[in-house]
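Some notes on the structure that comes next.
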């Protein structure tokens, strides 16, 4: 083919030059510009980039270069008259010869110095040494050089020479035979007189951030740098803020800090020279500058991406799996995984994808079959925020290759049957794909009219058939093939029948429309329909057609029993209304006008302003969000009211019916017995109708307190009680002229009632509500006749909680509760008219009492170690310590070469002990570091309260436990894992070979319970020991598990494992070869047991041969003490072809087979691809791909595409792509 881009057009390149050994050549004479009284600018050009150096002074000098060291050292002795050792020490020496060499100091004393280089015949030790006084340089590598000399003396002649060194070190110190360095030149500084301000040019704003900006400019002479800036343009000297730099320069740069993000700033710059000429003195049109402005950028994102979905693991095979999750912002994809539980950063393996996405998918390869893997994921955004790692999830890879067909293990079900679709489901005993062959007639597998399939490997299979014909019988078989190509296993022929055409009828109203619960401002409208639909009521004060009423109330819930409450109505007013319902497919009052949906116009009249009905509790009382000291109580009422909860630790019944209680005080004129009666006696007056109950009495005052139960008592009446305890009756006369009043007896008072905190008879705990009271009469709600002795103590519900807001959905928070305690409660609500539990007790307001129990106190027990401690993977300098606990906790190992016993902070008994430093036994620093164990059985660690250099005070009474001269010892080391787990694995590193170690383990749970809070159990563990491996090793690592993963057209990853840490070496080529003879090598020096080497730059569709090898820290490997596995045998892999990155080209789009509810879209492509149609009611001009309302998918991997759209609306225009 010669009509495309294969082969390419002709291209060119130029090879590099030979190794550069030539110093830059000075191609222009050095020039001196911008000379002032104390500064000058030196400029020159070179033929290649190099740095810039100017040596200068008031005396003519010649350049010096370091000689090549010939191995001979020369010793000079100080001669103060001519040169000094210090001159050499400062590396600024020039022996007075033509060569002018600089020597490198090797050693020196006060009077003798040894330098590198044989200077025999070059300079005598008595020669005078001279130097250029000063040097100025610029490290930038450039062709055009410019160096500013400052701090010069005015009206003074200066000598100077220039030089440059290139990037490979060629310069005046390497080649002294050319024009680098230059010859000696001179210039003279000006005098002090100067009356002109510097000229400012090239003002720029650079490096803007959210809080900073850099302002730069240039001047024609050295001067300082000043920037004045603020929110508005101002005159020089009037801006809000100023930043300056006093250094005298011609290239100016000032950084503004503390700025506000996304804010415009105005500024001017000014510069003043050494003679005070500037914006404030002898200013000019450029100094100060005109006003400029800039705007700061937005503040950078500093929040880590948040994981917003569950972490899923799919497409699991014997050696791979796909891990997926989502984040709330674009970020990369990080997966860490291992065969044991780990914390983030401690997993053995990881897989990353740098693409910034919100939907993350990472494929793990090279896994072991039939193995449990533990996984955490994380993401880092473009600003470097993150990761905020996920919790740990786990999955198990499948077993090794199998050759057995899947088995269908369940009945085949057909559900969700509609007029044009059906859902086929079945199960298999292993992961496999899902296929359904179907048609109008029974057929063998592969012979049905149509096929639907899903390539995902699952055991629960689900396939949706679409585009079916309504009211038609279909035959089908299902089949599944596993990931190894076994199958398909197929079912027998099955059948199902599609339903009739879709519902296009609005719900029918099947009942009379009723209006209930009419109040002065609300009413409830109710009706029924023959199918589920929403509930809509339109209403007004006059009759209207549907859609023209002034007000409406809707409920979106799909029901057949409809109930809508209208609120905010006007009292004593006639309202007209219609009701309607729309079903789930949109059929309703707006789509059909020939049936009874909407209803005819109806009416009702609201009640008058008077409302004497309390809110009704219409739901069960629920208690949720129960903790050890809080709970939330909720209920509903039929009208708005406040929310009140009475509660306590003993049961109580709300008030009952209303009765009068008259409490009368009788002053007896006389009585026949010494005892005036018993509490609870019936008191009879002048007539049998006059009755009461004895409440209490006072012998000394001859007073009775009686509750009136019938008739009237009058002063002077004779009253009689029941038979008293003395066997006779008690009689007396009401004192003439004594007032009847409501004073209470010893057991209770009217104030008890008035304060609404009374419950006669503790066993019943009746709570009474005051209805009215005067000086001699109190009326409460509740009949206590025969229920309580009125002299009993009165008890109350312990607590009350309430919300004043008027609502129908009530919620009250109870706080300050006791843990693990049974509570009793009742609820009530009072409406805006005052109707509530205190006004009407004939309904369900207040509620009956209910109960709940608070939760117990939090966990206070340390994790228990449930297994023996184990030590595995022992090498000469590492070991893994493991143990199990009965609840999640962290993992901590204390270890060292001396046996120690665990220490725990004792309970502080309030006594402090002062220790003084005793260097022979222990030190204050030991306590300060909190790593001390007094040498006693208790081995307590004490908490430092204060210390000086020699004295320390600790919390705890050590009397009898330790003497101050006891020796203090510690475990040398600690290693921990903060992750909460029940299976603990902690790796100890940096150990010494062939050494015995002692250790103890412990765990602390998320509540802080651990070895320092509970030392009475097996946490910490008892001490154990292990010994590290010896340093002697003459065996090469054993290699296993070689895999080739992540193959592409140009890359591959080779992984393997070894039984001990070793490096990673991979030799490869396009033909087989012995170890050491392959054409290419890739290696990694890290000592690991899991090895991974990435190959890049491979040729596509090419077979490669390779061998791997690993060498341990003792040099054992494929080249020394090799074994049968190390190096490995020759293996191969083949790279893939170059991926197709061109989308299919679409042509021939047609719309065919259009009827009232379906249409078929067809097209062709130049290569096989999927078939997708997106469509909707809006024009294509207003919809882009991915934003249409509907989508339909057809067969995949085809060039002739056909997709049938179903469920369309008749006579409707549809737009599609």
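Observations, loosely collected:
- Between region 405-456 and region 224-292, the C-alpha centres lie 80 angstrom from each other.
- Annotation for residue 135 and residue 520: the two label points, set 7 Å from Cα along the Cα-Cβ direction, are 10.2 nm apart.
- Burial ranking of peptide ranges 617-623, 886-892 (average Cβ count within 10 Å, highest at the top): 886-892, 617-623
- Prolate/oblate/rounded label for region 1002-1156 (Cα gyration tensor, a/c 1.5): oblate
- Rounded Å value of the spacing that divides the Cα centres of region 525-581 and region 1105-1150: 73 Å
- Global geometry of region 482-547, whether rounded, prolate or oblate, following the gyration tensor of its Cα atoms and the 1.5 cut on a/c: prolate
- Stretchable slack from residue 1130 to residue 557, in nm (0.36 nm times residue separation minus alpha-carbon distance): 199.3 nm
- For region 329-451: rounded, prolate or oblate by the Cα gyration tensor [a/c cutoff 1.5]: prolate
- Additional length obtainable on full extension of the chain from residue 240 to residue 1096, 0.36 nm per residue less Cα span: 302.3 nm
- Here the peptides 1069-1079, 822-832 are ranked by packing, the mean other Cβ count within 10 Å, and the order with the highest first is 822-832, 1069-1079.
- The listed peptides 874-884, 807-817, ordered by packing as a protection proxy, come out as 874-884, 807-817 (highest mean of other Cβ atoms within 10 Å first).
Bear in mind that the values in this text are calculations on the coordinates, not laboratory data. Everything numeric in this text was worked out from a predicted model, so none of it was measured. All Cβ positions, glycine included, derive from the backbone under ideal geometry; neighbour counts span all protein chains shown.
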